[in-house]
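Structure, as structure tokens:
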Amino acid sequence: MIERLPPGNPAELYLRISHTDSLSGTPHADTLERWDVAVLHAQDDFAVGSMVFYRVHLDRGVHAAHAMEDESEDLAEIASVILDAETGYFTDEVSEALEYVGSALLVMDRVTLDEAWRGYGLGAALAVEAIHRLMPGCRAVACSPGVSDISSQQLRGQAEWDRVTGRIARGWEGMGFRLLRDNTFILSPVSLVLEEQRDALRARMAELALAWKAESAGG
């Protein structure tokens, strides 16, 4: 039984995925692509969240690890775990753990939902859909679970911070991500767990949508 419902029909959520290409022709731009994902609701097209992904091309442009270091500290930390510092390619450890289904790296940098939409599993469901659309050509998907929006979290002290970030990490582990080290997780694009969880999350969203419609009709 669903005890609480989101503020709108989750069946009316959709993603707007965009990449701005400056056509600068620089080696850095050839290596690193930023993809912004807006989470929108069909009613008035208002935004209820956002995501940021990076596609990192290891076989063109500049040294991939250097490009990630130049972009942000978060990407630099992921690069230090996943990429070889000398070559800029996947470390032997990562290569051995993943099937060869592409040469690029997809980094899930940020997933944020408005507070009213949290607590229903929608963030994971929407992130998985975005991953499926952005991962073709990638050999690995990486993330570093953490709190990206702490304005309403009221995190007091290290223990509370660890509790919240631990819960987020467990959620991504449920999607098939596995910890390498230093809070860096990787996922194979061909993971059966990812596909199974995608189906389960879609079913959950459909269940929420039906409950929301029933509640609206009754009210």
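Below is a table of values for the structure above.
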| item | result |
| --- | --- |
| Qualifying chymotrypsin sites (Phe, Trp or Tyr not before Pro) for the range 33-100 [loop in DSSP, other Cβ within 10 Å: at most 13] | Y100 |
| Total formal charge among the other residues, if their Cβ is under 11 angstrom from that of Y14, Lys/Arg +1 and Asp/Glu -1 | -2 |
| Longest segment of the chain lacking trypsin sites (Lys or Arg not before Pro) that sit in a DSSP loop with at most 13 other Cβ atoms within 10 Å | 61-155 |
| Spherically averaged projected area in nm², based on the convex hull that wraps the Cα atoms of the range 29-92 | 5.4 |
| Neighbour-limited loop hits for GluC sites (Glu not before Pro), the range 45-113 (at most 12 other Cβ within 10 Å; DSSP other than H, G, I, E, B) | E86, E99 |
| 21 Å tail of the calculated P(r), the range 27-153, as % of Cα pairs | 42 |
| Point-to-point label distance, A214-R16, nm (Cα→Cβ direction, 7 Å offset) | 3.3 |
| Calculated log₁₀ intensity ratio I(q)/I(0) where the Debye formula runs over C-alpha points of the chain, q = 0.07, 0.14 Å⁻¹ | -0.24, -0.91 |
| Computed [θ] at 222 nm, deg cm²/dmol, the chain (DSSP H ≥ 4; -39,500 (n - 2.57); rounded to nearest 500) | -12500 deg cm²/dmol |
| Euclidean distance between Cα centres, the range 10-38 to the range 165-198, Å | 23 |
| The chain, relative contact order [Cα under 8 Å, separation at least 6], % | 20 |
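Since every read-out is calculated from the coordinates, none of them should be taken as a lab result. The shown structure was predicted, so the numbers you read here are calculated from the model rather than taken from an experiment. Methodologically, a virtual Cβ is constructed for each residue, glycine included, from the backbone with ideal geometry; neighbour enumeration extends over all protein chains shown.
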